[in-house]
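Below is one structure, written out as structure tokens; comments come after it.
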Amino acid sequence: MTISMTRRKVAALAGAALLAPRAFAQTQASLPTRAIPSSGEQLPAVGLGTAYVFDTADAATQRKAEGVVQALIAGGGRLIDTASTYGDAERVLGDVIAPAGLRDKLFIATKLEQPNAAELKRSLTRLKTAKLDLLQLHNVRNPRQSLAQFKDWKAQGVCRYIGITSTFHGDFAAIEAVLGREKPDFVQIDYSIDDREIEKRILPLAGEVKAGVLTAVPFGQGRLFGAVRGKAIPDWAREFAESWPQFFLKYLLADPRVTAVIPGTGNPAHMTDNLGAMHGRLPTPEQRRMMVAFVEGL
Ligand SMILES: NC(=O)c1ccc[n+]([C@@H]2O[C@H](COP(=O)([O-])OP(=O)(O)OC[C@H]3O[C@@H](n4cnc5c(N)ncnc54)[C@H](OP(=O)(O)O)[C@@H]3O)[C@@H](O)[C@H]2O)c1
């Protein structure tokens with residue numbers, strides 16, 4: 001991934017974009033993206049996860065979601081990951097996105113518990129969209145799980161891509177079986193600098209079957225921030241990371257098999273910081289080893 005602009009320059013250009021939309025379009029075009037393996041479509045490499053943060057459809061959550069979605073778009077992001085089971089998140093997102101006419105600026109991924117038409121209809125209704133970008137089967141645990149219904153829905157134009165997800169390591173064998181046999185467009189799986197099991201098993205297979213990889217829980221649900229509290233970023237990392245979130249996300253993005261990271265946040269400033277991981281250069285393989293040693297030494 002080539003990274004051409006400092007975060008400050010991008011923020012200035014994004015601000016200027018409020019006055020000059022054409023200039024903003026040019027800035028967006030130069031932002032780093034990753035190709036979705038099954039199509040070649042480019043996707044910005046930092047997205048938004050929405051577990052927990054938008055659980056309750058009230059005025060305060062709505063304002064929070066508006067701020068985060070605006071920050072995502074202003075910072076050049078597109079991908080929002082949600083699920084039918086994330087409380088009211090789908091409804092909150094639908095109420096932010098549809099009235100503001102933002103649907104076409106976003107790549108919306110949601111998850112169903114089952115390949116069930118009623119559950120799908122509920123998600124589409126709550127998200128106020130006729131079509132999803134990515135439809136994922138949540139927490140796959142059966143190695144014989146069929147994706148036939150998801151493939152039918154994709155053929156009918158209900159979604160553009162299909163995927164499977166899990167963050168339960170005990171279910172990784174099922175993920176491997178379904179990924180290898182059904183060859184979905186995406187696998188969403190937990191990956192953080194202090195939890196690298198997928199480097200051994202899921203990432204190589206995803207590369208083989210040409211599945212895009214979305215990394216869930218990139219901060220270990222905030223665990224990593226606790227580990228570095230009160231500590232400064234090491235000097236050798238300052239050439240590629242301006243903050244701890246960028247340090248943690250760039251470790252993941254330095255693997256070219258990772259299509260996008262989806263940190264969860266309900267804070268617009270955090271969203272902007274996370275999007276900063278799309279800029280500046282990525283750590284080298286040697287620096288990645290140093291990053292792991294640093295985190296293991298905490
Ligand atoms: N089975 C599955 O399919 C599955 C399972 C789990 C998660 N997921 C997906 O993966 C996404 C990410 O996982 P997650 O949200 O559980 O955990 P996470 O992204 O590892 O961590 C989220 C935590 O980090 C904090 N944070 C985010 N950006 C920050 C920043 N720049 N500075 C400081 N703190 C920051 C958030 O707090 P603030 O709100 O204060 O920023 C929140 O407490 C989920 O939202 C969901 O979309 C999928």
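The values are calculated or read from the model by the stated rules, or taken from the named source; none is laboratory data. Being a predicted model, the structure only gives us computed values, none of them experimental. Neighbour counts are summed over all protein chains in view; Cβ atoms, including those assigned to glycine, are modelled from backbone coordinates with ideal geometry. To get the accessible areas, we keep the full protein, side chains included, count just its heavy atoms, and leave off ligands, DNA and RNA. Shrake-Rupley method; radii C 1.70, N 1.55, O 1.52, S 1.80 Å.
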Pairing a residue in the range 106-120 that is at negative phi with any residue that is hydroxyl-bearing (Ser, Thr, Tyr) and in a strand (DSSP E or B), where Cβ atoms lie under 8 Å and the two sit 6 or more apart in sequence or on different chains, gives Lys111/Thr165
Limited to the range 55-112, what total is found for residues that are farther than 20 Å from Leu137 by Cβ, in contact with a Lys or Arg (Cβ under 7 Å, 6 or more places away or on another chain) and open to solvent by less than 10 Å² (accessible area, probe 1.4 Å)? 3
Scanning the range 227-253 for residues that are over 20 Å from the mean Cα position of the chain (by Cα), of a type in the set (Lys, Arg) and within 15 Å of the ligand (Cβ to nearest atom), the one least open to solvent (accessible area, probe 1.4 Å) turns out to be Lys231
